[in-house]
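Asks: Quick one: structure below, then a few questions.
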Amino acid sequence: MTPLLASPSCSSSGGGGRKADLPPLRRTPRQRLERRWATSSDKARTNNTTSTTSVKAPPNGQLKKEGDCSWAWDDHHLEKDNLWATIREEIARDSKAEPICSSFLFSTVLAHNTIEESLAFILANKLDSPVLPATQLMQLFLEAFKSDEIRSDFLADLLATYDRDPACKQYSSCLLYYKGFHAVQTHRVAHYLYRRGRASLAILLQSRASETFHVDIHPNATVGKGVMLDHATGVVMGESTVVGDNVSLLHHVTLGGSGKSTGDRHPKIGSGVLIGAGAVVLGNVKVGNCSKIGAGSVVLADVPPRHVAVGVPARNIPLVGSDTTAPVQDMNQLYDI
């Protein structure tokens, strides 16, 4: 077995194993969204005293136009350098609180100068195999991470996961431990290779990701930014699948073909869509922006924008009334029908 790619280790420092104070409980996605709206309103009143109209929500919270749920960088999102500094601070604190983890935390985060190096190291060691060693994989990931698009996308994915998952207490938790995040970033590299004519390597990477993370995404599938795979186990995306920006999928979601056609035969998921656990979308159907697919539903026909699709087979119900935010932000998987 090829040994894991190693970084220098460090001894635990002081503290006698004393644990740091645990972080406070995170707000729910709804509470965090409302807090950001209030903050944006206060800023608008402060910075624009001559205007009678205040901003009720940041770009990602209030729809810019009907059906528009695309990803946007909000005021509360950290820039890359600040995000990396915050992650290192979190890891240093955790290393002091749990000395038994210090070598692992140093090797995965503190030994690296950039978030790209850290992520490349983490993925390479998770996907390491006798025929695809971590040393070669890390160089492959670093090559792909030179792409501005990939860097922007994985940062958006990390921020989106922290925003939407109330169980994610620290940015570093997503970077280190969330296999949905790891699976999506591995796919981004496989897609990068596939589009450059390196199909054999891309498919090998897909195979290793499927074995390791239990997530199967064909390297030709197109995935937007700000995407979260929550729990992730059993997620499948076929060859011609397109997933827009700002999408959340839970475990055991299948975006598959109907089995009756070739070519462009997989779903097209719009931006701002929430797909519940165990949902199945089959065939070249379109799911409109800002829509929601209920857990366990089977979608065989198009879903219009701002609708919820529920049932087997699914039927479409308009999102009305108080449902003014993108489902992907609210993360409310319940709908009273």
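FYI, it's all coordinate maths here, none of it is from the lab. What you are looking at is a predicted structure, and each value in this text was computed from that prediction instead of being measured. A quick note on method: Cβ atoms are made from the backbone with ideal geometry, for glycine too, and the neighbour counts reach across all protein chains shown.
Asks: Quick one: order Val280, Val273 by neighbouring beta-carbon count within 10 Å, fewest to most.
Replies: Val280, Val273
Asks: A further question on this structure: Restricting to DSSP loop positions (anything but H, G, I, E, B) with no more than 16 other Cβ atoms inside 10 Å of their own Cβ, which trypsin sites (Lys or Arg not before Pro) remain in region 67-156?
Replies: Those that pass, being in a loop and sparsely packed, are Lys146.
Asks: Shifting gears a bit: Quick one: which residues, 5 or more positions from Gly226 or on another chain, have an amide H under 5 Å from its amide H? H modelled 1.01 Å from N in the peptide plane, none for Pro or chain starts.
Replies: Here the answer is Ala156, Asp157, Asn246, since their amide H atoms fall under 5 Å of that of Gly226.
Asks: Can you tell which of Ala120, Leu193, Ala183 lies farthest toward the positive end of the dipole of region 76-214, using +1 and -1 charges on the Cβ of basic and acidic side chains (Lys, Arg; Asp, Glu)?
Replies: Leu193
Asks: Please report the net charge: other residues with Cβ closer than 15 Å to the Cβ of Arg88, K and R +1, D and E -1.
Replies: -4
Asks: Karplus couplings for region 166-179 from phi (6.51 cos²θ - 1.76 cosθ + 1.60, θ = phi - 60°), rounded to Hz, Gly and Pro as x?
Replies: Working through the residues one at a time gives x, 7, 8, 7, 9, 4, 5, 4, 5, 4, 8, 10, 8, 5 Hz.
Asks: Which whole-Hz ³J(HN,Hα) couplings does region 102-115 yield from phi under the Karplus relation 6.51 cos²θ - 1.76 cosθ + 1.60, θ = phi - 60°, glycine and proline marked x?
Replies: Coupling constants for region 102-115: 4, 5, 4, 5, 5, 5, 8, 10, 5, 6, 10, 8, 9, 5 Hz.
Asks: Pull up all non-local amide H partners of Gly283: gap of 5 or more, or a different chain, and H-to-H distance under 5 Å with H placed in the peptide plane.
Replies: Residues meeting the criterion, in which the H sits 1.01 Å from N, are Gly256, Gly257, Ser258.
Asks: Order by neighbour count: Arg208, Arg315, fewest other Cβ atoms within 10 Å first, most last.
Replies: If I rank by nearby Cβ atoms, fewest first, I get Arg315, Arg208.
Asks: Applying the Karplus parametrisation 6.51 cos²θ - 1.76 cosθ + 1.60 with θ = phi - 60° to the phi angles of region 204-220, what ³J(HN,Hα) value in whole Hz is obtained for each residue in order, glycine and proline being reported as x?
Replies: 4, 5, 4, 4, 5, 5, 5, 5, 7, 9, 6, 10, 10, 10, 5, x, 7
Asks: So if R0 is 22 Å, what FRET efficiency would Ser258 and Glu211 give, r being the distance between their Cβ atoms, rounded to the nearest 0.05?
Replies: That pair, Ser258 with Glu211, gives E of 0.25.
Asks: Between Thr233 and Glu143, how many nm apart are label points set 7 Å from Cα along the C-beta direction?
Replies: 3.5 nm
Asks: List every residue whose amide H lies under 5 Å from the amide H of Arg315, counting only residues 5 or more places away in sequence or on a different chain, with H placed 1.01 Å from N in the peptide plane.
Replies: Val310
Asks: Shifting gears a bit: Would you mind working out the magnitude of the charge dipole of region 76-214 relative to its Cα centre, with +1 at each Lys and Arg C-beta and -1 at each Asp and Glu C-beta, to the nearest 20 Debye?
Replies: In total the dipole reaches around 340 debye.
Asks: Here's something else I'd like to know. Could you calculate the FRET efficiency of Ser200 with Arg93 from 1/(1 + (r/R0)^6), where r is the beta carbon distance between them and R0 is 41 Å, rounded to 0.05?
Replies: Computed FRET efficiency for Ser200 and Arg93: 0.45.
Asks: Let me ask something else. Past 31 Å, Cα to Cα: identify those pairs from Lys146/Lys260; Lys146/Lys179; Lys169/Lys286; Lys126/Lys225; Lys126/Lys260, in the order given.
Replies: The answer is Lys146/Lys260; Lys169/Lys286; Lys126/Lys260.
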